[in-house]
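Participant: First, the structure itself, so that you have it in front of you.
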Amino acid sequence: MAISVARLLPSMLSSATSSTSNPKPPSPSSPFSVKTHRSSKQTTTNISRRDLLNVGLGLMPLVAIPPPPSTAREVEVGSYLPPSPTDPSFVIFKADPRDTPALRAGNVQPYTFMLPPTWKQTRVANILSGNYCQPKCAEPWIEVKFEDEKQGKVQVVASPLIRLTNKPNATIEDIGTPEKVIASLGPFVTGNTLDPDELLETSIEKRGDLTYYKYVLDTPYALTGSHNLAKATAKGNTVVLFVASANEKQWQSSQKTLEAILDSFEV
């Protein structure tokens, strides 16, 4: 409950004015008094404990520090993201420390990827965002999510490196083969489980000083969708996994779009 200072002050000032126009000696039982001077006359205005308490309650919401709001915007990304310099039919999302707890903590390096302008960012539940465990999370968390009802959805998942290897600052190659990495991270692609025979294709891509493992998966029982594309790399103390998902209807019309989004992902 917040008591407005703007509402309290007029009544207090009115009380104070009334007291100075008809001055009365301070009550012996009141330990608070304020002396005011007008011309050569000295008057005393009494302020009760109750008045001071009310002012204090009114000031409390002014000094309270609320938690930082989520930056997820449930509007089309084309209304606020810039066009992609490589393909104007897409916009470009560049993550920065304002976007996620892990980026603010320095656990994840900034990443970027393209999106169709009609997609919308969706909110990540606090318990899944890693907000409660930064900067030393033991389990993977979701960084950001975007979706379009007609085309599919994408999400960025981050995993502590130590969950996959004991080697500090390991590369994705240090962790193991593409098959070994996806076996560890598969449940975070599908939302439940990943069988080895659901992995249709793997490939390796080099970009700058990072190596990316890419995957095509046919996942008929996945919670995320019957078709999943994934891309993983390691940097610092984190493995970053990008996932694009679609159901059968979305896949038929948007396979090329989802593949372009996946290809654009870069840490």
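The values are calculated or read from the model by the stated rules, or taken from the named source; none is laboratory data. Everything numeric here is computed off the predicted structure, so don't read it as measured data. Using ideal geometry, Cβ is built from the backbone for each residue, glycine included, and neighbour counts are taken over all protein chains shown. Side chains are part of the model used for accessible areas, which takes the heavy atoms of the whole protein and leaves out ligands, DNA and RNA. Shrake-Rupley method; radii C 1.70, N 1.55, O 1.52, S 1.80 Å.
Participant: Working with all protein chains in place, sort Lys167, Lys153, Lys214 by solvent-accessible area computed with a 1.4 Å probe, largest first.
Facilitator: Working: Lys167 105, Lys153 75, Lys214 40 Å².
Final ranking, largest accessible area leading: Lys167, Lys153, Lys214.
Participant: Sticking with this structure for a sec: With every protein chain present, what is the per residue accessible area of segment 68-216 (1.4 Å probe, Å²)? Please list the in-between numbers first.
Facilitator: Values: 8010 Å² over 149 residues.
For segment 68-216, the per-residue accessible area is 54 Å².
Participant: Just list whichever of Lys136/Lys256; Lys120/Lys249; Lys136/Lys249; Lys167/Lys256; Lys180/Lys235; Lys120/Lys180 have alpha carbons separated by over 28 Å in the model shown.
Facilitator: Working: Lys136/Lys256 37 Å; Lys120/Lys249 19 Å; Lys136/Lys249 40 Å; Lys167/Lys256 37 Å; Lys180/Lys235 18 Å; Lys120/Lys180 33 Å.
Pairs exceeding the cut-off: Lys136/Lys256; Lys136/Lys249; Lys167/Lys256; Lys120/Lys180.
Participant: Separate question: Could you compute the net charge surrounding Thr86? Neighbours are other residues with a C-beta less than 14 Å from the C-beta of Thr86; K and R count +1, D and E count -1.
Facilitator: Charge balance in the 14 Å sphere: -1.
Participant: If each of Asp209 and Arg163 carries a label point 7 Å out from its Cα toward its Cβ, how far apart are those two points in nm?
Facilitator: Here the modelled spin labels are 2.5 nm apart.
Participant: So how much slack lies between Ala125 and Ser89, counting 0.36 nm per residue of separation and subtracting their Cα-Cα distance, in nm? Mind showing how you got there, number by number?
Facilitator: Working: separation 36, 0.36 × 36 = 12.96 nm, distance 3.02 nm.
Taking Ala125 through Ser89 to full extension adds about 9.9 nm, to one decimal.
Participant: What nm distance separates the two modelled labels at Asn192 and Glu259, each placed 7 Å from Cα along Cα→Cβ?
Facilitator: Using points 7 Å along Cα→Cβ, the separation is 2.8 nm.
Participant: Then there's this: State the percentage of accessible surface on segment 86-210 attributable to carbon and sulfur atoms; use a 1.4 Å probe and exclude ligands, DNA and RNA.
Facilitator: On the way: 3510 of 6660 Å².
Carbon and sulfur: 53 percent of the exposed surface of segment 86-210.
Participant: Calculate one ³J(HN,Hα) per residue across segment 105-122 by plugging θ = phi - 60° into the Karplus curve 6.51 cos²θ - 1.76 cosθ + 1.60, and present them in order as whole Hz with x for glycine and proline.
Facilitator: Each residue of segment 105-122 in turn: 7, x, 7, 10, 7, x, 10, 8, 6, 8, 9, x, x, 8, 6, 10, 7, 10 Hz.
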